[in-house]
Amino acid sequence: MTVLPVPAIAAPATVQQFLLFRQKDSYFAIELTKVCEVLFLKDQLLASVPNTASFVLGLTNLQGEILVVADFGGLSNIGVVELQRAQGRILVLEIPDPQNMQLLPLHVGVAVSQVEGVVSLHPDQIVSAMDVSPELAPVLKGLYDYEGRFLMILDAEAIAQSQHW
């Protein structure tokens, strides 16, 4: 009896869902699993906090939890978000506490100019970013060519743990 080798079947490339948003003329994507809620910016009451970084918009109450909301445009030096703009959103990011994984996750609000939707991307096709601003580099995983436009793929943990806070 002759035994023929079985050809290896290539494992399908993994696909992940990302939330796509725009800030000025740039497109960004962040893992959808890190976004637990998307709020309308103009409908959210923000209490300003004195003596904080200029990109911190304030605090808001999210179902009994006090949430810090930052302006992504101000944090990344791309251009501030207009607070009353109808398309403005707050992305509520959920990040595990790096100091103690037993604790509840951290929640951070990030205000963005406009949410475009959810896209499916292949994480293995993210390439390193080279010439980006020093403010953006620490929170960037890399670049992705999506239908002819470059998306900047963000690292949610790096945003929440940024030294600028």
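The values are calculated or read from the model by the stated rules, or taken from the named source; none is laboratory data. Remember, predicted model here, so these are calculated numbers, not experimental data. Virtual Cβ from ideal backbone geometry, glycine too; neighbours counted across all protein chains shown.
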Checklist entry - Looking at Leu57, Leu83, Leu136, Leu93, which is the one that is among the aliphatic types (A, V, I, L, M), over 20 Å from Leu32 (Cβ atoms) and in contact with a Lys or Arg (Cβ under 8 Å, 6 or more places away or on another chain)? => result Leu83
Item to check | Filter pass, Val112 being surrounded by 21 or more Cβ atoms within 10 Å (Cβ to Cβ) and touching a Leu at 6+ places or on another chain (Cβ under 7 Å) | outcome: yes
Next on the checklist: Condition first: among the β-branched types (Val, Ile, Thr), out of contact with any Lys or Arg (no Cβ under 7 Å at 6 or more places or on another chain) and modelled with pLDDT of 95 or more. Can you find one or more residues in region 23-30 that meet it?
Outcome noted: yes
Item to check | Residues of region 61-87 satisfying the condition of being more than 15 Å from Val112 (Cα to Cα) and crowded, with 19+ Cβ neighbours inside 10 Å | outcome: Leu67
Next on the checklist: Can you tell me which condition Leu91 does not meet? The list is (1) in a strand (DSSP E or B); (2) of a type in the set (A, V, I, L, M); (3) modelled with pLDDT under 95; (4) under 15 Å from the mean Cα position of the chain (by Cα), and all the others hold.
Outcome noted: (3)
Checklist outcome for this item: When region 121-164 is checked residue by residue, the ones that are closer than 20 Å to Glu94 by Cα and part of a strand (DSSP E or B) are Leu140, Lys141, Met152, Ile153, Leu154
